[in-house]
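Enquirer: My questions will all concern the structure given below.
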Amino acid sequence: MSDVNSRASGPVRRSRDVPLLVERARAGDPRAVARLITLVESGDEVLPQVAAALAPYAGQAQVVGLTGSPGVGKSTTTNELVRALRARGHRVGVLAIDPSSPFTGGAILGDRVRMQDHATDPGVYIRSMSSRGHLGGLSAATPQAVRVLEGAGCDVVLVETVGVGQAEVEVASLADTTLVLLAPGMGDAIQAVKAGILEIADVFVVNKADRDGADATVRDIQGMIALGERGPGEWRPQVVRAIAARAEGIDDIAAAIDKHRDWLERHGELRRRREARAAAEIEAIALGALRARIGSLRDGTQLPTLAAKVAEGAIDPYAAADDLLTQLAT
Ligand SMILES: Nc1nc2c(ncn2[C@@H]2O[C@H](COP(=O)(O)OP(=O)(O)OP(=O)(O)O)[C@@H](O)[C@H]2O)c(=O)[nH]1
Ligand SMILES: [Mg+2]
């Protein structure tokens, strides 16, 4: 996606002219894409406009989530998957989500280094994002960022999240296909069950298969899959071995993603997942808005007035909360 022309090339970096930014992102201007993601990430007040402008492009990209413990090889695998997808002629977007970092607007150093291979490829957008300050948190920001990449013509969007907590599990579950990476000897298989990751994994990748214990890890995870109850026609998670650092097993991962994609389409599951994703998104946005309004009530006179009444015993706190909710709705 090469630069189109130089119109407003400087101001694009700071622009809040949503129609212009979307037009330029559609034309493949990476600065416009970066700017739109920054607006999304920071929860800018033009965000609803961005969402409205991007709505027509929803659902055009295949979204693949990669999650797993820190250091398991997500970025290395992503880097190799990008290479494989590019070889097929796909345009690829990569979002590396850092749920904790206050860092915004650029690339996490490690990811930048490991995905360096694609830095000059105009068919690849790589972007790290943090969710700090975003009203709806990660679950609201990530789908919007995916939409920016869809709008920019990406056929596939890879979303890397560190799988350590519920928020990351939620984000991973926003993908069409979720890859859970494990490594030998990290007790990962057991951790995966604890973290609820087993339920969200469509494909398990046992990475670092060059290390001792890979066979045991594959066995553990297959054992756990076998224990899971599955109806007829239900997807059975695939287990793939890889040595991402040597680009081994990448074709197998890509094949497993393809297979899952076929299954999704054949069973109407793609639509169901995307509707579930939209529902989560709406909920996150609505809750964020609600929280903001409650915050403004706290700063205004309504909440203090109610609090005074509750404190002096004039009304009970449930009645006061009802009153507050009524005020929120108006
Ligand atoms: N031995 C071995 N090392 C690997 C393999 N894949 C990745 N690594 C190494 O593992 C380290 C971490 O890899 P990353 O790809 O950054 O892992 P990550 O999961 O993205 O890490 P975070 O984003 O920090 O959670 C790097 O030093 C890689 O070179 C592999 O298959 N075998
Ligand atoms: Mg990484």
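Enquirer: In nm, to one decimal, how far is the modelled label at GLU248 from the one at ARG236, with both set 7 Å along Cα→Cβ?
Expert: 2.6 nm
Enquirer: If you don't mind, there's one more thing I want to ask. When LEU174, LEU149 are ordered from fewest to most other Cβ atoms inside 10 Å of their Cβ, what list results? Don't skip to the end; give the middle numbers.
Expert: Values: LEU174 24, LEU149 30.
So the residues, fewest neighbours to most, are LEU174, LEU149.
Enquirer: Can you sort ASP121, ASP212, ASP322 so the residue with the fewest Cβ neighbours within 10 Å comes first? Provide the component values of the computation, followed by the final result.
Expert: On the way: ASP121 15, ASP212 9, ASP322 12.
Ordered from fewest to most neighbouring Cβ atoms within 10 Å, ASP121, ASP212, ASP322 come out as ASP212, ASP322, ASP121.
Enquirer: Taking neighbour Cβ counts within 10 Å as the exposure measure, how do MET129, MET224 sort from fewest upward? Before the final figure, lay out each step's value.
Expert: Details: MET129 28, MET224 17.
Neighbour counts put them in this order, fewest first: MET224, MET129.
Enquirer: Which distance in nm do the two modelled labels at GLU229 and ALA311 give, with both placed 7 Å along the Cα-to-Cβ direction?
Expert: The two pseudo-label positions are separated by 5.3 nm.
Enquirer: Another question, if that's okay. Listed highest first by mean packing, meaning other Cβ atoms within 10 Å per residue, what order do 260-273, 75-88 come in?
Expert: Details: 260-273: 14.4, 75-88: 20.1.
So the peptides 260-273, 75-88, ranked by packing, come out 75-88, 260-273.
Enquirer: Another question, then. Please identify which residues in the stretch 259-296 have an amide N closer than 18 Å to a label point set 7 Å out from the Cα of GLN327, following the Cα→Cβ vector.
Expert: Flagged as within label range: 289-296.
Enquirer: Turning to a different aspect of this structure: Once R0 is set to 45 Å, what does the formula 1/(1 + (r/R0)^6) return for the Cβ-Cβ distance between THR301 and ALA27, expressed as a FRET efficiency to the nearest 0.05? Each step should come with its number before you reach the end.
Expert: Working: r = 50 Å, r/R0 = 1.10.
Once the sixth-power term is evaluated, E becomes 0.35.
Enquirer: Quick one: which residues, 5+ away or cross-chain, put their amide H under 5 Å from the amide H of GLU160? H built at 1.01 Å from N.
Expert: Those lying under 5 Å, H to H, from GLU160 are LEU66, LEU95, ALA96, ILE97.
Enquirer: Answer rounded, prolate or oblate for the stretch 279-329, using the Cα gyration tensor with square roots of eigenvalues a ≥ b ≥ c: rounded when a/c is under 1.5, else prolate when a/b is larger than b/c, else oblate. Walk me through the numbers before you get to the answer.
Expert: Values: a/c = 3.70, a/b = 2.18, b/c = 1.69.
Cα axes put the stretch 279-329 in the prolate bin.
Enquirer: Rounded, prolate or oblate: which one fits the stretch 179-330, using the alpha carbon gyration tensor with axes a ≥ b ≥ c (rounded when a/c is under 1.5, else prolate when a/b beats b/c, else oblate)?
Expert: Details: a/c = 3.30, a/b = 2.53, b/c = 1.31.
Judged from the Cα gyration tensor, the stretch 179-330 comes out prolate (a/c at least 1.5, a/b above b/c).
Values in this text are rule-based calculations from the coordinates and carry no lab data. Just so it is clear, the model here is predicted, and its values are computed rather than measured. Note that we place each Cβ from the backbone using ideal geometry, even for glycine, and neighbour counts take in every protein chain shown.
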